[in-house]
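Data first, discussion second: the structure below is written as structure tokens.
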Amino acid sequence: MKTIIDVKNLTKTFGSRKNKVNVLENISFSVEEGEFVGIMGPSGAGKTTLLNILSTISFPTLGSIVINGADLTSLKGDNLSEFRRKNLGFILQDFHLMNTLTARDNILLPLAVEKKSLAEIDQKIEVASEMLGIKGILNQYPDELSVGQKQRVAAARALIEEPKIIFADEPTGALDSTSATELLNYLHDISLHKDTTILMVTHDPYTASYCNRILFIKDGAIFSEIVRRGSRREFFNKVIDMQATIGGGGRSNAISSGL
Ligand SMILES: Nc1ncnc2c1ncn2[C@@H]1O[C@H](COP(=O)(O)OP(=O)(O)OP(=O)(O)O)[C@@H](O)[C@H]1O
Ligand SMILES: [Mg+2]
């Protein structure tokens with residue numbers, strides 16, 4: 001097994017000198033190639049912050065991150081863009097679709113830079129849109145799509161280049177259960193057969209049960225980790241137990257804080 005993500009002593013601080021908040025504090029972990037890792041924890045725990053740093057959208061205050069042999073803190077400008085394009089795919093919490101482009105052109109955006117042949121592009125979009133059930137909406141613009149449709153377009157865009165590593169933030173949040181299950185089966189499949197590494201933030205135990213391992217984050221630090229050894233059902237129950245131990249997911253937090 002090859003380590004593909006190696007995080008050491010990662011700290012992220014927001015705010016000015018007087019008003020500093022450590023949103024992530026001294027986080028260390030590593031991920032092997034082909035692992036499907038979930039990141040869970042209460043709302044505000046720092047999950048999106050962590051994912052954004054690993055996916056090079058934002059930068060750590062302290063610590064080191066090595067992804068596929070490259071030290072992220074030393075990559076800048078064009079080198080960083082090239083690294084991102086060659087290695088990473090994103091399905092983010094807000095979908096980052098371009099409103100001036102159709103769904104089809106949004107999905108094709110990563111391929112445009114690569115100068116692929118038309119036939120190859122058509123074939124890739126056929127496969128991705130079939131799998132995600134979005135063939136009928138390819139010519140519509142993001143404004144004309146439902147939240148779930150936007151999420152599927154964003155997923156297709158992330159998957160079309162078959163990146164080595166996929167970062168997903170609540171990828172099933174806006175999907176009905178059939179589309180969610182299809183997407184999860186696909187993610188599970190590529191982690192198993194194509195050695196794609198996946199890091200996925202989710203609040204949902206069903207979604208999480210597709211992972212091999214889950215890191216639980218609380219107050220900006222790793223609280224615990226669970227590894228799947230038996231059936232998905234067993235793992236699902238473990239996730240629920242751990243959520244209860246850690247103090248619930250986002251929803252239960254929101255409810256109790258309103259009382
Ligand atoms: N740019 C920022 N400036 C200041 N504080 C921030 C910034 N971004 C996030 N935070 C704070 O960092 C903490 C963690 O936020 P983050 O979005 O990572 O949480 P999360 O675990 O993804 O939550 P959720 O489950 O609700 O998506 C929160 O308290 C948030 O207010
Ligand atoms: Mg978040």
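Restricting Leu54, Leu101, Leu75 to residues that are within 19 Å of the chain's Cα centre (by Cα) and of a type in the set (A, V, I, L, M) narrows the list to Leu54.
Let's see how each residue does on (1) within 16 Å of ligand 1 (Cβ to nearest atom); (2) part of a helix (DSSP H, G or I); (3) under 14 Å from the mean Cα position of the chain (by Cα):
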| site | (1), (2), (3) |
| --- | --- |
| Asp143 | no, yes, no |
| Arg152 | no, yes, yes |
| Ala174 | yes, no, no |
| Thr178 | no, yes, no |
| Leu187 | no, yes, yes |
| Leu192 | no, yes, no |
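Evaluation of Val127 against the conditions (1) at positive phi; (2) within 22 Å of the chain's Cα centre (by Cα) shows that the sole unmet condition is (1).
Listed by first and then second residue, the pairs with beta-carbon distance under 6 Å, at least 6 apart or on different chains, first residue in segment 217-246 and without any contact (Cβ under 8 Å) to a residue 60 or more places away in the chain, second β-branched (Val, Ile, Thr), are Ile226/Ile214; Lys238/Ile226. Scanning segment 155-172 for residues that are of a type outside the set (A, V, I, L, M, F, W, C) and within 16 Å of ligand 1 (Cβ to nearest atom) yields Asp169, Glu170, Pro171, Thr172.
The number of residues in segment 14-43 that are touching a residue at least 60 places away in the same chain (Cβ under 8 Å) and in a loop (DSSP other than H, G, I, E, B) comes to 6.
Of the residues contained in segment 125-134, one or more are found to be out of contact with any strand residue (DSSP E or B) (no Cβ under 8 Å at 6 or more places or on another chain), in a loop (DSSP other than H, G, I, E, B) and at pLDDT below 90.
Would you confirm whether any residue within segment 57-76 is within 16 Å of ligand 2 (Cβ to nearest atom), closer than 21 Å to Met200 by Cβ and surrounded by 18 or more Cβ atoms within 10 Å (Cβ to Cβ)? No, because not a single residue in segment 57-76 is within 16 Å of ligand 2 (Cβ to nearest atom), closer than 21 Å to Met200 by Cβ and surrounded by 18 or more Cβ atoms within 10 Å (Cβ to Cβ).
In this structure, is Ile121 without any contact (Cβ under 8 Å) to a residue 24 or more places away in the chain and either in a helix (DSSP H, G or I) or under 13 Å from Glu162 (Cβ atoms) (or both)? Yes, satisfied.
Yes or no, residue by residue, for (1) surrounded by fewer than 15 Cβ atoms within 10 Å (Cβ to Cβ); (2) within 16 Å of ligand 2 (Cβ to nearest atom); (3) more than 22 Å from Leu10 (Cα to Cα); (4) modelled with pLDDT of 95 or more:
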position	(1), (2), (3), (4)
Gly46	no, yes, no, yes
Leu80	yes, no, no, no
Lys86	yes, no, yes, no
Thr100	yes, no, yes, no
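When residues in segment 36-64 are screened for being under 19 Å from Ile190 (Cα atoms), out of contact with any Ser or Thr (no Cβ under 6 Å at 6 or more places or on another chain) and more than 15 Å from ligand 1 (Cβ to nearest atom), 1 of them pass.
Would you pick out the residues in segment 197-210 that are surrounded by 24 or more Cβ atoms within 10 Å (Cβ to Cβ) and of a type in the set (S, T, N, Q)? Thr197, Thr202, Thr207 - these are the residues of segment 197-210 that are surrounded by 24 or more Cβ atoms within 10 Å (Cβ to Cβ) and of a type in the set (S, T, N, Q). Note on segment 194-220: among residues that are assigned to a strand (DSSP E or B) and more than 16 Å from ligand 2 (Cβ to nearest atom), the one that is nearest to the chain's Cα centre (by Cα) is Ile198.
The values are calculated or read from the model by the stated rules, or taken from the named source; none is laboratory data. Since this is a predicted model, take the numbers as computed values, not measurements. Note: ideal-geometry Cβ built from the backbone for every residue, glycine included; neighbour counts use all protein chains shown.
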